[in-house]
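Below is one structure, written out as structure tokens; the observations come after it.
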Amino acid sequence: MQVLLLGAGTVTSRLNMQLAEQGHSVIAQIAAFTPQHIDLFDFRALVVVSPESSVSPESLVKAAERGKLIFVVAGVGDGMASWANGVGVPSIAYPPSDVDINKLYEEMRRADAGNLAADDQYRRAVLGSDMSARIQSGMAVRKIAITSPKGGTGKTTVAVNLAVALALSGITTYLGGCRWQCRRVAVSHAHGTSEHDHDRFVAA
């Protein structure tokens with residue numbers, strides 16, 4: 001995995017050598033990170049040694065938006081550790097023990113195997129790990145209708161984008177489309193498309 005390593009201390013330098021021994025390619029080790037570095041370096045993962053680097057959570061969110069995986073090394077009282085734990089980004093203690101280092105390698109192996117998806121990290125980093133739960137807490141099944149008597153006003157565009165946004169937030173979403181003249185409704189969901197009687201669909 002191509003790694004951009006953030007930090008300029010002894011722990012970062014040791015981690016640099018250990019990552020290389022594990023077969024990862026550390027393309028650069030830098031002390032500070034800003035969103036401009038995303039285009040400057042070609043990397044898949046960002047390993048942040050928080051006490052030895054300068055980076056903000058906002059910059060890491062920008063990296064997540066661009067599909068970069070994030071791993072954090074931070075002390076218990078470190079704000080970066082709180083952020084990582086809050087949004088579900090993998091983190092280990094600083095200074096890391098051998099057990100912590102092995103935990104980091106395991107998380108990176110999971111990412112290589114496709115068990116840690118960048119889009120999932122993006123949702124958690126941008127929305128927060130509990131956003132979906134907060135949105136859905138106490139929520140019964142909701143129906144949102146996008147309507148207009150006139151054609152060509154963007155109803156489908158709004159409906160599709162709203163459905164995508166809700167689905168990316170972790171909410172089970174069904175997208176239905178029909179014309180007022182029709183008695184059948186096409187419903188799109190994660191398992192494909194199905195048709196339903198109009199009266200049953202509206203009453204459900």
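Residue-wise HN-Hα couplings along the stretch 29-41, as the Karplus relation 6.51 cos²θ - 1.76 cosθ + 1.60 with θ = phi - 60° gives them from phi, are 10, 10, 8, 10, 10, 10, x, 5, 5, 4, 8, 6, 10 Hz; Gly and Pro carry x.
Here the Karplus curve 6.51 cos²θ - 1.76 cosθ + 1.60, taken at θ = phi - 60°, turns the phi angles of the stretch 68-75 into couplings of 8, 7, 10, 10, 10, 10, 8, x Hz, with x standing for Gly and Pro.
Ranking L6, L40, V73 by how far each Cα lies toward the positive end of the dipole of the stretch 1-117 (charges on Cβ) leaves L40 at the top.
Among residues other than H37 whose Cβ falls under 13 Å from its Cβ, what is the net charge (Lys/Arg +1, Asp/Glu -1)? List each step's numbers first, then the result.
Values: positive: K62, R66, K68; negative: D39, D42.
Taking every Cβ under 13 Å from that of H37, the sum is +1.
The length gained by stretching the chain between N85 and I146 to full extension, at 0.36 nm per residue less their Cα-Cα distance, is 18.2 nm. Around the amide H of I92, modelled in the peptide plane, lie the amide H atoms of V72, V73, A74, all under 5 Å away and 5 or more residues distant in sequence or on another chain.
Just so you know, all these numbers are worked out from the coordinates, no wet-lab data involved. Just so you know, these numbers come straight off a predicted model, no measurement behind them. Neighbour counts are summed over all protein chains in view; Cβ atoms, including those assigned to glycine, are modelled from backbone coordinates with ideal geometry.
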